[in-house]
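Asker: I'd like to ask some things about the structure below.
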Amino acid sequence: MNERSRSRRRYLVTLGAVGATALAGCQEQTDANATGTDGETDGPTSNGNGAGLSDDGIEDPSALISTTQSTLTKQGYELTEELSTTGMELNERSQRTRSSPTAERQLSVLETASKTSRTFADGGAYYVQTTENGETTTSTQELNGSFERTHTPDHLTRKRSLGGVLEAGSYVSAGTTTRNGRELRQFDLESIGIQQPGVEISSSSGTVLATDDGVVFEATLSFEGSAEGTAITREQSVAVTELGEVTVERPSWVDAAEQ
């Protein structure tokens with residue numbers, strides 16, 4: 001069994017173990033050189049495709065995740081992530097992150113059905129504002145580790161993020177499209193890979209937009225079905241809306257956190 005098959009099987013086993021484990025998620029933490037700098041990201045191979053891609057579709061999801069993560073680590077970015085699930089577990093979350101390695105600033109807003117969390121990293125300080133049950137609290141502390149560690153989007157591998165979209169099934173080439181003036185290759189979901197006992201998918205769709213080098217700028221996934229007789233749904237999206245010199249403004253609520 002090749003690595004791609006093992007990766008997908010791990011995804012299915014995780015989902016099947018609870019009927020829909022992949023439906024859950026928990027909090028983790030200008031167009032410029034879209035494929036990274038210093039030649040450290042995976043470039044196009046001899047056939048013109050970046051690592052993880054072929055003329056037919058996506059061959060290795062983990063390679064695309066690695067290339068995307070490496071590219072975002074080197075540059076400023078705005079990343080938006082949405083996840084909505086029903087069924088065995090209910091999950092509603094929306095997260096938007098703006099991060100600048102040049103200014104050493106990052107602003108992240110995470111909204112769930114019951115709570116809104118805002119975090120702001122500025123140099124060596126880390127500010128937090130949480131609103132829950134009508135009450136808002138703020139706090140400040142020293143940043144844990146270097147800003148580079150905060151800036152690096154390690155969570156992209158996880159099921160609630162890009163990993164959950166790319167490893168959900170097989171994606172085939174579907175031409176090209178344009179987003180924000182950038183021409184990207186499009187890959188559409190051909191088949192979803194959930195085949196565990198008790199899990200049945202009645203409909204599914206998904207699209208991945210990426211550069212030839214394997215940098216994913218947009219990925220979406222949705223499906224409906226049942227798990228052990230319980231109806232389940234999933235809507236998920238990940239998008240890099242800005243890449244390059246990103247400005248991160250200091251939010252007004254930080255003043256309260258410093259008091």
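Asker: Would you tally the residues in the stretch 100-111 being surrounded by 19 or more Cβ atoms within 10 Å (Cβ to Cβ) and in a loop (DSSP other than H, G, I, E, B)?
Answerer: Here the count works out to 1.
Asker: For residues in the stretch 239-250 being surrounded by 15 or more Cβ atoms within 10 Å (Cβ to Cβ) and not aliphatic (A, V, I, L, M), which is nearest to the chain's Cα centre (by Cα)?
Answerer: The extreme case among them is Thr241.
Asker: Working carefully through the options Thr97, Thr73, find the one that is buried (at least 18 other Cβ atoms within 10 Å of the Cβ), within 14 Å of Thr150 (Cα to Cα) and in contact with a His (Cβ under 7 Å, 6 or more places away or on another chain).
Answerer: It is Thr73.
Asker: If you don't mind, another one. So Glu249 fits all but one of (1) part of a strand (DSSP E or B); (2) of a type outside the set (A, V, I, L, M, F, W, C); (3) at pLDDT 95 or above; (4) over 19 Å from Pro153 (Cα atoms); what number is the exception?
Answerer: Glu249 satisfies every listed condition except (1).
Asker: Of all residues in the stretch 129-146, how many are out of contact with any Ser or Thr (no Cβ under 9 Å at 6 or more places or on another chain) and either at negative phi or modelled with pLDDT of 95 or more (or both)?
Answerer: Final tally of qualifying residues: 5.
Asker: For the stretch 116-131, does any single residue satisfy the condition of being outside any strand (DSSP E or B) and more than 24 Å from Val165 (Cβ to Cβ)?
Answerer: Checked the stretch 116-131: at least one residue is outside any strand (DSSP E or B) and more than 24 Å from Val165 (Cβ to Cβ).
Asker: Okay, moving on. Give me the residue from the stretch 46-58 that is within 14 Å of Val216 (Cα to Cα) and part of a loop (DSSP other than H, G, I, E, B) and, out of that set, modelled with the highest pLDDT.
Answerer: Gly52
For (1) buried (at least 16 other Cβ atoms within 10 Å of the Cβ); (2) modelled with pLDDT of 75 or more; (3) within 28 Å of Glu235 (Cα to Cα), each residue gets a yes or a no:
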{"site": "Asn2", "(1), (2), (3)": "no, no, no"}
{"site": "Leu12", "(1), (2), (3)": "yes, no, yes"}
{"site": "Thr35", "(1), (2), (3)": "yes, no, yes"}
{"site": "Pro44", "(1), (2), (3)": "no, no, no"}
{"site": "Ile65", "(1), (2), (3)": "yes, yes, yes"}
{"site": "Tyr77", "(1), (2), (3)": "yes, yes, yes"}
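Residue-wise test of (1) at pLDDT below 95; (2) farther than 30 Å from Arg118 by Cα; (3) in contact with a Gly (Cβ under 6 Å, 6 or more places away or on another chain); (4) buried (at least 19 other Cβ atoms within 10 Å of the Cβ).
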| site | (1), (2), (3), (4) |
| --- | --- |
| Val165 | no, no, no, yes |
| Gly175 | no, yes, no, no |
| Asp188 | no, yes, no, no |
| Gln196 | yes, yes, yes, no |
| Val216 | no, no, no, yes |
| Glu235 | no, no, no, no |
| Trp253 | yes, no, no, no |
| Ala257 | yes, no, no, yes |
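The values are calculated or read from the model by the stated rules, or taken from the named source; none is laboratory data. Since we're looking at a predicted model, the values are computed, not measured. With ideal geometry, Cβ positions are generated from the backbone for all residues, glycine too; neighbour counts draw on all protein chains shown.
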